[in-house]
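All of the numbers you see were taken from the coordinates with simple rules; none came from a lab. Bear in mind the structure is a predicted one, so any value in this text is a computation, not a measurement. Every residue, glycine as well, gets a Cβ built from its backbone with ideal geometry; the counts of neighbours run over all protein chains shown.
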Amino acid sequence: MKNVLCLFLMCFFFINCTSQEGVKSISTIELKLLLEKEDIQLIDVRTPEEIEQGFIETAKFTNFFDHDFYIKVTKQLDKRKPVYLYCRSGARSGKSAKILQEKGFKVYNVIGGYNQWKEEN
């Protein structure tokens with residue numbers, strides 16, 4: 001019985017890991033280091049109301065909830081360069097990353113989003 005439970009948990013773990021295949025994540029600390037070294041494509045996918053409460057200085061904005069999100073966001077991006085996405089806590093940017101990845105972009109989701117950034121900076 002113990003072996004069956006272990007096998008079930010391992011299968012569950014591997015299934016969940018593969019569902020995120022290809023969407024890479026970085027921490028806000030890693031993002032800060034990147035921003036200090038180079039000019040990156042940083043996209044904030046929060047709402048205008050959330051952006052009014054603060055944002056990362058070099059970010060471009062596209063509201064994830066807009067019906068034409070994909071069209072708006074891709075007009076701002078160079079497909080040859082990596083794209084770094086953040087939202088309030090990481091959920092919407094993760095969904096955004098999947099959308100862009102399916103269209104051939106190399107994407108990174110910022111773990112913890114703006115909430116984490118605000119705590120550390």
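The relative contact order of the stretch 65-121 comes to 36 percent, based on Cα pairs under 8 Å that sit 6 or more residues apart. Taking the average, over residues, of other Cβ atoms within 10 Å as the packing measure, peptides 94-102, 30-38 rank 94-102, 30-38 from highest down. If the segment from Lys60 to Glu120 were pulled out straight at 0.36 nm per residue, it would be longer than the present Cα-Cα gap by 19.5 nm. Computed from the Cβ-Cβ distance with R0 of 35 Å, the FRET efficiency linking Glu36 to Asp68 stands at 0.60.
Pairs from the table (Lys72/Lys106; Lys72/Lys103; Lys98/Lys118; Lys37/Lys103) lying more than 19 angstrom apart at Cα are Lys98/Lys118; Lys37/Lys103. Of the peptides 105-113, 60-68, the order by per-residue mean of other Cβ atoms within 10 Å, starting with the highest, comes out as 105-113, 60-68.
The charge dipole of the stretch 40-121, taken about its Cα centre with unit charges on the Cβ of Lys, Arg, Asp and Glu (plus for the first two, minus for the last two), comes to roughly 500 debye. For Ile99 and Ile51, the difference between the fully extended length at 0.36 nm per residue and the C-alpha to C-alpha distance is 15.1 nm. Counting Lys and Arg as +1 and Asp and Glu as -1 over every other residue whose Cβ lies under 10 Å from the Cβ of Leu42, the net charge comes to -2.
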